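These notes concern the structure reproduced below.
The values are calculated or read from the model by the stated rules, or taken from the named source; none is laboratory data. What you see is a predicted model, and the numbers here were worked out from it, not measured in a lab. As a convention, Cβ positions derive from the backbone with ideal geometry for all residues, glycine included, and neighbour counts pool all protein chains shown.
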Amino acid sequence: MKRILITTAGRPDEVTETRALAAQQALGYERIARNKRSVKNLMVTNSCDLLVAGKERYELYRQTMSEPFFFHPDTAAFRLKRLLKGETDPLVEMCQLEPGNSFLDCTLGLATDSIVASFAVGATGKVKGIEADPDVAFITATGLTQFQPKFQELKDAMQRISVVHESAPTFLTGLSDDTWDVVYLDPMFSQTISESSSFAPLRQVGVHGGLTEEWVSEARRVARKRVVVKAHFNDPVFEQFGFTQIIRPNTKFHFGFIEK
């Protein structure tokens, strides 16, 4: 099992110490003093991965990573701006999202798609994200509430999302039939999409694992309207689990759906 320690940014102060303590209480990892040491030095000396509490964000460093994982809205910001201009979004169209709908994201990651869904369903809707990796769940949940975006609609959409640390199949088995309008599945792509540079750190820290019959079966049971999957265009999940694949020219990933 990987060893993770928590420390502060290079120049610790009351803010970073408080944030380091909050991470320790949430995750249960040991906290160590920075003492002007570099991240690399701390990781090598302690043979560990490192969660760094900065003034504005948490950064997760794994020994195998060249860049840290941290929360950012990624493409959600410009996707919301397009929706505000009256344009469409493929996710919103595929999920047929309307104000007041409920959206269960079974593979939250950085919550990019959940942010867009949250905007689409509005204040009367409901969005919940399930994340299997405890570190990703903590960093994303914290980022959704503490990140300061440049426009209010993005901030509102982010803050309406609730996050649960759990494996998706386990969480789904505890739900009643037909309890969420849309159940969304976006597992780690079976093939790397080279242009998705912002996805690289998440790929290195997130939980890997493809869809299973149990997972899809539970998702179908829980969904009221449809189950939607996003995957590489030639991923076998579409045919394997009976999703209707929607071909999107000139894109590396496609959506698929199962209608209820």
Pairs, first free of Cβ contacts under 8 Å to residues at least 40 places away in the same chain and surrounded by fewer than 17 Cβ atoms within 10 Å (Cβ to Cβ) in the stretch 41-63, second of a type in the set (A, V, I, L, M) and not in a loop (DSSP other than H, G, I, E, B), C-beta under 8 Å, six or more apart: Gln63/Met43
Selection count, the stretch 141-164, where residues are in a loop (DSSP other than H, G, I, E, B) and either touching a Pro at 6+ places or on another chain (Cβ under 9 Å) or under 12 Å from Val127 (Cα atoms) (or both): 3
Residues being touching a Leu at 6+ places or on another chain (Cβ under 7 Å) and either in a loop (DSSP other than H, G, I, E, B) or at pLDDT 90 or above (or both) - total across the stretch 183-214: 5
Which numbered condition Lys36 fails, given (1) part of a loop (DSSP other than H, G, I, E, B); (2) of a type in the set (Lys, Arg); (3) touching a helix residue (DSSP H, G or I) at 6+ places or on another chain (Cβ under 7 Å): (3)
Residue list for the stretch 90-120, restricted to those being crowded, with 24+ Cβ neighbours inside 10 Å, in contact with a strand residue (DSSP E or B) (Cβ under 6 Å, 6 or more places away or on another chain), aliphatic (A, V, I, L, M) and in a helix (DSSP H, G or I): Ala117
Any chance Val15 is surrounded by fewer than 19 Cβ atoms within 10 Å (Cβ to Cβ) and farther than 18 Å from Glu131 by Cα: yes
